[in-house]
Amino acid sequence: MRFSNLHAHSVFSDGVNTLRENVECAISKEMLSLGFSDHSYTACDESYCMMPRDYDRYLTEIFALKSEFCDTLPIYAGIEQDYYSDRADYGFDYIIASVHYVKAKGKYYAVDHMATIQRECISDGFGGNVMDMVRSYYASVVEHAYLTRPSVIGHFDVITKFGIVPEHSDEYLRVATEALRETARYCSVFEINTGAISRGYGTEPYPAMPLLSELRALDVKIVINSDSHAKENLDSSFDLALKCAVNAGYDSIHVFDNGVFKPVSIK
């Protein structure tokens, strides 16, 4: 099966490869299509994201590659829009809505960057109550979907990345499932994200199987994305993601095709 990937980062944000290097690698992997989704500007943390002055150049370079490789590989210009970014329309082909920060007591904590930061967030921002942090995170996910009406929901349960959040507890699953149902009211496409696997943080993709099964019950569409930060990971663990989709009851995934998500059978 040939795969597509809408969630790829480049040197425009925190990726290590240029747009062209990613494109050439995608062609060598015989991928179906490739979409770039570098991080939107977040004033609270400029260390990993695009600067506003770079948006035009980012789009110009992608559109040039799109034209150059029009007969070889469909290429799309997307953005990974953070909750704490502006929501201006820059003409992207699609938007992936993700939450990377929790704000508590006036401070922004990057909850998926380092385990030490997530622990600090819990201890200093929420008085040691991990579930209060979880509720704050998921409230932002829901509000982000409501305000942005994005094309795709990105790494829905990324706060489980470091094994600190009690993701198998009844309380956690109740909070996460309620947030998932509410988020799905505002966006009908979620990604299966394999990024944590390629970076050595886990052995399963996001969302976890109980949540993926809930998405299936809600008849929510899924796309498989790698959240790649290096070209070799453009299709990392996609076979595993496909197995997870089948185990959750899906018989198709969706692929972005010129503004439309089209089903592709996996049975």
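Considering only the stretch 194-225, state which residues are more than 14 Å from K243 (Cβ to Cβ), buried (at least 23 other Cβ atoms within 10 Å of the Cβ) and without any contact (Cβ under 8 Å) to a residue 60 or more places away in the chain.
Y206, P207, L215
Can you tell me which residue in the stretch 115-162 is farthest from G195 (Cα to Cα), limited to those that are free of Cβ contacts under 8 Å to residues at least 40 places away in the same chain and outside any helix (DSSP H, G or I)?
Restricting to residues being free of Cβ contacts under 8 Å to residues at least 40 places away in the same chain and outside any helix (DSSP H, G or I), the top hit is G127.
Quick check on I96: is it within 25 Å of A208 (Cα to Cα), surrounded by 14 or more Cβ atoms within 10 Å (Cβ to Cβ), touching a strand residue (DSSP E or B) at 6+ places or on another chain (Cβ under 7 Å) and in contact (Cβ under 8 Å) with a residue 40 or more places away in the chain? I'd like the intermediate steps shown before the answer.
Numbers: within 25 Å of A208 (Cα to Cα): yes; surrounded by 14 or more Cβ atoms within 10 Å (Cβ to Cβ): yes; touching a strand residue (DSSP E or B) at 6+ places or on another chain (Cβ under 7 Å): yes; in contact (Cβ under 8 Å) with a residue 40 or more places away in the chain: yes.
The answer is yes for I96.
I'd like to know if the stretch 43-61 contains one or more residues that are in a helix (DSSP H, G or I), modelled with pLDDT of 95 or more, farther than 19 Å from S136 by Cα and of a type in the set (G, A, S).
no
From (1) crowded, with 21+ Cβ neighbours inside 10 Å; (2) closer than 24 Å to V142 by Cα, pick out the condition that doesn't hold for I75.
(2)
Cβ contacts < 8 Å: first residue touching a residue at least 60 places away in the same chain (Cβ under 8 Å) and among the aliphatic types (A, V, I, L, M), restricted to the stretch 34-47; second residue in a loop (DSSP other than H, G, I, E, B) and buried (at least 21 other Cβ atoms within 10 Å of the Cβ), any location; separation 6+ or different chain. Result?
The qualifying pairs are L34/L234.
Can you say whether Y146 is surrounded by fewer than 24 Cβ atoms within 10 Å (Cβ to Cβ) and more than 24 Å from P210 (Cα to Cα), as far as the supplied structure shows?
no
Yes or no, residue by residue, for (1) polar (S, T, N, Q); (2) part of a helix (DSSP H, G or I); (3) under 28 Å from N17 (Cβ atoms):
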residue: E191; (1), (2), (3): no, no, yes
residue: P210; (1), (2), (3): no, yes, no
residue: E214; (1), (2), (3): no, yes, no
residue: V223; (1), (2), (3): no, no, yes
residue: L242; (1), (2), (3): no, yes, yes
residue: V246; (1), (2), (3): no, yes, no
residue: I253; (1), (2), (3): no, no, yes
residue: P263; (1), (2), (3): no, no, no
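The values are calculated or read from the model by the stated rules, or taken from the named source; none is laboratory data. Bear in mind that the values here come from a model prediction, so they are computed numbers and not experimental data. Please note: Cβ atoms are built from the backbone with ideal geometry, for glycine as well, and neighbour counts cover all protein chains shown.
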